[in-house]
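A.B. asks: For reference, the structure I am asking about is given below.
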Amino acid sequence: MRIVLLGAPGAGKGTQAKKLIDKYGIPQISTGDILRQNVAEGTPLGKEAKSYMDKGELVPDRVVLGLVEDRLKKDDCKKGYILDGFPRNTAQAEALDKILALLSMSLTGALSVDVPKDDLMKRLTGRRTCKGCGQMYNVYFSPSKNESVCDKCGGALFHRDDDKEETIKRRLDVYDAQTAPLIDYYKKSGILKSVTGVGSIDEIFSKVCNALGVK
Ligand code: AP5
Ligand code: MG
């Protein structure tokens, strides 16, 4: 399985990717997670990325493309991969096609997770993530037992810096303008699948597996 997960901020890309990892043992490549790790470590790349992420803007392509190419060359990607949050615009999608052609590991699918806009704001303002294991919670829909502690590993939960209402609005606009056109891009290349991302996480996961043609 070599796939791209498409969907607006808060659509559940990360949530569904984690379930795919648990079931199929293939790595998730989330450019957002890689960038946030760089921000947390205070690397020069992280410092540059933070100024864009805090505004809800895309980080420049030259920064992101190098990160993805390096990650795809790692051994664990030979058995497949889930690209989450990448590509984000047409230039990134075209660059990805070229990288994958050189590595002889072209995409087997692009899956769009569709959620109405009205649901996204609450999902994002309510999101909490574990610093230790990355498990996601939501104070409205799927809270942890203790408000600030992860049920799975006991790690501390944090609220993403870009999950503030004003930044979320900008991220949604950026998605409409720059990322949504990729739905057509992958439709034209014949590998697009879509699922509705509303309902329980497990219900959506079974739709995801059906759409991808895996059991
Ligand atoms: P990124 O980290 O990719 O964020 P995003 O695309 O905005 O998406 P999210 O991670 O917010 O949402 P998600 O779809 O993963 O939802 P989740 O599963 O967490 O990017 C962040 C920033 O980094 C960008 O703004 C940009 O600056 C930069 N960046 C990243 N990649 C880049 C690139 N390629 N190029 C340039 N810049 C880049 O779920 C959300 C919440 O909803 C959770 O609380 C979850 O528990 C809950 N939830 C999930 N499913 C359900 C359900 N079925 N019902 C109810 N609640 C649910
Ligand atoms: Mg995510």
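The values are calculated or read from the model by the stated rules, or taken from the named source; none is laboratory data. All figures in this text were calculated on a predicted structure; none of them were measured in a lab. With ideal geometry, Cβ positions are generated from the backbone for all residues, glycine too; neighbour counts draw on all protein chains shown. With ligands, DNA and RNA removed, areas are computed over all heavy atoms of the protein, side chains included. Shrake-Rupley method; radii C 1.70, N 1.55, O 1.52, S 1.80 Å.
A.B. asks: Please compute the contact order of the chain in relative form: average sequence separation of alpha-carbon pairs under 8 Å and at least six residues apart, divided by the residue count, as a percent.
C.D. replies: So the answer I get is 29 percent.
A.B. asks: What does the charge add up to near Lys55, with Lys and Arg as +1, Asp and Glu as -1, over the other residues with Cβ less than 9 Å from its Cβ?
C.D. replies: Taking every Cβ under 9 Å from that of Lys55, the sum is -2.
A.B. asks: Under 19 Å Cα-Cα from Lys98, which lysines qualify once same-chain neighbours fewer than 8 residues away are excluded?
C.D. replies: Lys73, Lys74, Lys78, Lys187, Lys188
A.B. asks: Give the lysines whose C-alpha is closer than 21 Å to that of Lys169, dropping any in the same chain fewer than 8 places away, or say none.
C.D. replies: In chain and number order, the partners are Lys13, Lys50, Lys55, Lys117, Lys122.
A.B. asks: Quick one: check the C-alpha center-to-center distance for region 89-129 versus region 1-41, whole angstrom.
C.D. replies: Rounded to whole Å, the Cα centres lie 9 Å apart.
A.B. asks: How large is the Kirkwood hydrodynamic radius of region 56-126, counting all unique pairs of alpha carbons, in Å?
C.D. replies: 14.1
A.B. asks: Check each of the GluC sites (Glu not before Pro) in region 120-215 and keep only those in coil by DSSP with at most 12 other C-beta atoms within 10 angstrom; list them in order.
C.D. replies: Sparse-neighbourhood loop GluC sites (Glu not before Pro): Glu147.
A.B. asks: Roughly how many Å² is the accessible area per residue of region 154-215, as a whole number, for a 1.4 Å probe?
C.D. replies: 57
A.B. asks: Moving on. How large is the dipole of region 165-208 about the Cα centre if only Lys and Arg carry +1 and Asp and Glu carry -1, each at its Cβ, rounded to the nearest 20 debye?
C.D. replies: Using only the charged Cβ atoms, the result is roughly 260 debye.
A.B. asks: Starting from the eigenvalues of the Cα gyration tensor, five times each then square-rooted, give me the equivalent ellipsoid semi-axes of region 1-41, largest first, whole Å.
C.D. replies: 19, 14, 9
A.B. asks: Could you work out the percent of alpha carbon pairs in the chain separated by over 33 Å, rounded to a whole number?
C.D. replies: Counting every Cα pair in the chain, those more than 33 Å apart make up 9 percent.
A.B. asks: Calculate what fraction, in whole %, of the accessible area of the chain sits on carbon and sulfur atoms when a 1.4 Å probe is rolled over the protein chains.
C.D. replies: Result for the chain: 51 percent of the exposed heavy-atom area is carbon or sulfur.
A.B. asks: Among Ile82, Ile29, Ile21, determine the one that fluctuates most according to a GNM of the chain built with springs between C-alpha atoms less than 10 Å apart.
C.D. replies: Maximum among the listed residues: Ile21.
A.B. asks: Write down the accessible area per residue of region 52-140 in Å², having rolled a 1.4 Å probe over the full set of protein chains.
C.D. replies: 48
A.B. asks: For region 153-195, what does the alpha-carbon gyration tensor say about shape, rounded, prolate or oblate, given a ≥ b ≥ c as the root eigenvalues, a/c under 1.5 as rounded, and a/b over b/c as prolate?
C.D. replies: It comes out oblate by the Cα gyration axes.
A.B. asks: If you don't mind, there's one more thing I want to ask. Summing -39500 (n - 2.57) over the DSSP H runs of n ≥ 4 in the chain and dividing by its residue number, what mean residue ellipticity at 222 nm do you reach, to the nearest 500 deg cm²/dmol?
C.D. replies: About -14000 deg cm²/dmol.
A.B. asks: Which net charge results for the neighbourhood of Ala11, defined as the other residues with beta-carbon distances under 10 angstrom from its beta-carbon, given Lys and Arg at +1 and Asp and Glu at -1?
C.D. replies: 0
A.B. asks: In addition: Classify region 108-189: rounded, prolate or oblate, from the alpha-carbon gyration tensor (a ≥ b ≥ c, eigenvalue square roots; a/c under 1.5 rounded; otherwise prolate if a/b is larger than b/c)?
C.D. replies: Cα axes put region 108-189 in the prolate bin.
A.B. asks: With every protein chain left in place, what is the accessible area of Asp118 in Å² (1.4 Å probe, nearest 10)?
C.D. replies: 140
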